[in-house]
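The values are calculated or read from the model by the stated rules, or taken from the named source; none is laboratory data. These figures come from a predicted structure and were not determined experimentally. All Cβ positions, glycine included, derive from the backbone under ideal geometry; neighbour counts span all protein chains shown. These accessible areas exclude ligands, DNA and RNA; they are computed on the full protein's heavy atoms, side chains included. Shrake-Rupley method; radii C 1.70, N 1.55, O 1.52, S 1.80 Å.
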Amino acid sequence: MKEELSISSEVDKRNPGICRFTVNRTLHIGTATFDSKEETGRSLLAQKLFEIEGITRVQLIGHLLVVSKTPEQAWPVLNQQVREVLEAFLVSAFALSEEQIEDRMMLMGRGTKEKIQYLLAHRINPGVAEHAGFVELVEVRDNNVYVRLGGGCQGCGAADFTLRQGIEAIIRKEVPEILRVLDVTNHAAGTNPYYRSSKYQTPRSTVQP
């Protein structure tokens with residue numbers, strides 16, 4: 001059972017324009033600092049915090065949120081608004097799950113290829129294996145990932161759905177620099193291909209590794 005959500009806050013004694021919020025959940029892996037809403041990128045939490053009038057800076061450090069404000073705004077009002085944003089975010093689908101936290105901790109400090117190999121081994125192949133299939137990394141080139149599907153996935157009619165909604169979605173979420181995930185599998189050679197190759201048909205994937 002997940003521990004009940006707990007949020008505590010403390011205004012900096014030396015700089016009353018800063019308040020620290022400590023949460024018993026992980027808000028961010030690593031450290032991130034944002035000075036405007038335009039800088040928040042994919043951080044939905046930071047985006048929502050900047051929608052509060054008077055917020056000038058947001059820092060995310062693991063379980064810690066550090067917020068800076070304009071002199072005109074009072075912390076009693078801002079404190080309640082920040083807490084409401086935190087509570088809404090942490091019960092949403094955008095909050096980090098325990099699995100995501102573990103994965104991102106393991107991915108820190110790894111190169112792009114190592115990250116993808118880790119995701120294939122720990123996040124993707126365990127699920128694909130339930131359908132007697134597997135995914136192997138061919139190469140990473142120009143921020144594109146080339147994979148080959150085997151076993152039950154080779155020649156499967158749902159292979160494209162698996163690639164886009166499963167494999168690519170996971171890889172691009174955890175490794176944002178990746179642009180595309182491309183399938184170089186010869187699906188016509190599968191044990192139960194969903195199409196038969198002939199001189200009148202072209203392979204499903206024309207991408208060469």
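Remarks
- Cβ-placed point charges (K, R +1; D, E -1), dipole of the chain about Cα centre in debye, nearest 20: 540
- Per residue, the accessible area of the chain comes to 58 Å² when a 1.4 Å probe rolls over the protein heavy atoms.
- Proximal charge balance of I167 [Cβ under 12 Å; K/R count +1, D/E count -1]: +1
- For peptides 125-133, 20-28, sequence by mean Cβ density within 10 Å, most packed first: 20-28, 125-133
- Expressed as a whole percent, the accessible surface of the chain that belongs to carbon and sulfur atoms is 50, based on a 1.4 Å probe.
- Contact order relative to length of the stretch 1-154, as percent, for alpha carbon pairs under 8 angstrom and 6 or more apart: 16
- Sorting 96-106, 148-158, 78-88 by average packing, meaning the other beta carbons within 10 Å per residue, from highest down gives 148-158, 78-88, 96-106.
- For peptides 5-12, 52-59, sequence by mean Cβ density within 10 Å, most packed first: 52-59, 5-12
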